[in-house]
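Let me begin by presenting the structure, written as structure tokens, before commenting on it.
Values quoted throughout were computed directly from the atomic coordinates according to the rules given, and no laboratory measurement underlies them. Since this is a predicted model, take the numbers as computed values, not measurements. Using ideal geometry, Cβ is built from the backbone for each residue, glycine included, and neighbour counts are taken over all protein chains shown.
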Amino acid sequence: MEVKDKLREIFPEIDWIEDEKLRDKVVSTWADGLFRGGWEPEDITRMPFTLAKPVDISFAQHVRSVTKICKAVAETFDEVYQGKLKLDRDTLFAGALLHDVGKLLEMEESAGTFRKSPDGRLVRHPFSGVALADENGIPPAVQHIIGTHSKEGDPYPRTPEAVIVHLADFMNFDTIPG
């Protein structure tokens, strides 16, 4: 099975993106990160989503959870606010799916142990994620989400979509014991 097909299997939420070009760019960004980091698609189903604390939750599970929470928020806003708050769902879903893609460059595996890569000690994943996204033609609104989803984005205003991804990410991180 081709890398891009495997990624779509691991992340079925990619199909929530209606814009076909953006959908393809999201997959290409993941494929590029895998290639540059020396990973196979299956690796994201077994690597931890964070090195900050011991967790038994994979990178893929984390990304899927963040994306599903973002969808639930968008649906709730549509139902309750009845169109008074318009979210760009394609931007929201692409940002949720790509928010941690830079971790493919931030981490490495050695003798079965995951750790920060030498590059990852210098450049945190929000920065490397934006670089990967930019190189794959991801629009600035999605790059904004990637770059501001973590603590690096705290001093800057976030778009509504970026706020949702940021909070969904920290809901996952802060509630999981480690």
Sites residue 4 and residue 68, calculated FRET efficiency, Cβ-Cβ separation with R0 25 Å, nearest 0.05:
0.70
With n ≥ 4 as the cut-off for DSSP H runs, can you work out [θ] at 222 nm for the chain, using -39500 (n - 2.57) per run divided by the number of residues, rounded to the nearest 500?
-18000 deg cm²/dmol
State which stretch of the chain is the longest one without any exposed trypsin sites (Lys or Arg not before Pro), exposure meaning a DSSP loop state and at most 13 other Cβ atoms within 10 Å.
87-178
Within a 10 angstrom radius of the beta carbon, how do 47, 171 rank from fewest other beta carbons to most?
171, 47
Point-to-point label distance, residue 18-residue 134, nm (Cα→Cβ direction, 7 Å offset)
3.0
How high is the relative contact order of the chain, given as a whole-number percent (alpha carbon pairs under 8 Å, six or more residues apart)?
23
Please order 80, 26, 163, 130 by the number of other Cβ within 10 Å, starting at the fewest.
80, 163, 130, 26
In this model, which of 6/116; 6/53; 103/151; 4/25; 53/103 are farther than 19 Å apart at the alpha-carbon?
6/116; 6/53
Can you return the lysines within cross-link range of residue 86? Criterion is Cα-Cα under 23 Å, with same-chain partners fewer than 8 residues away left out.
21, 68, 71
Cβ-defined net charge surrounding residue 135, 12 Å radius [Lys, Arg +1; Asp, Glu -1]
0
Measuring from the longest principal axis of the C-alpha atoms of the chain, the long axis of helix 59-81 (C-alpha) lies at a number of degrees, nearest 10, equal to 0
Under the rule of at least 5 residues apart or a separate chain, name every residue whose amide H is placed under 5 Å from the amide H of residue 107.
117
On the first, second and third principal axes, largest extent first, how far apart are the outermost C-alpha atoms of the stretch 103-159 in Å?
41, 26, 16
For labels at residue 86 and residue 119 in the simple 7 Å Cα→Cβ model, what's the distance in nm?
3.9
Return 79, 42 ranked ascending by Cβ neighbour count within 10 Å, so the fewest neighbours appear first.
79, 42
The stretch 26-175: spread of alpha-carbon positions along the three principal axes, whole Å, largest first, is 52, 31, 29
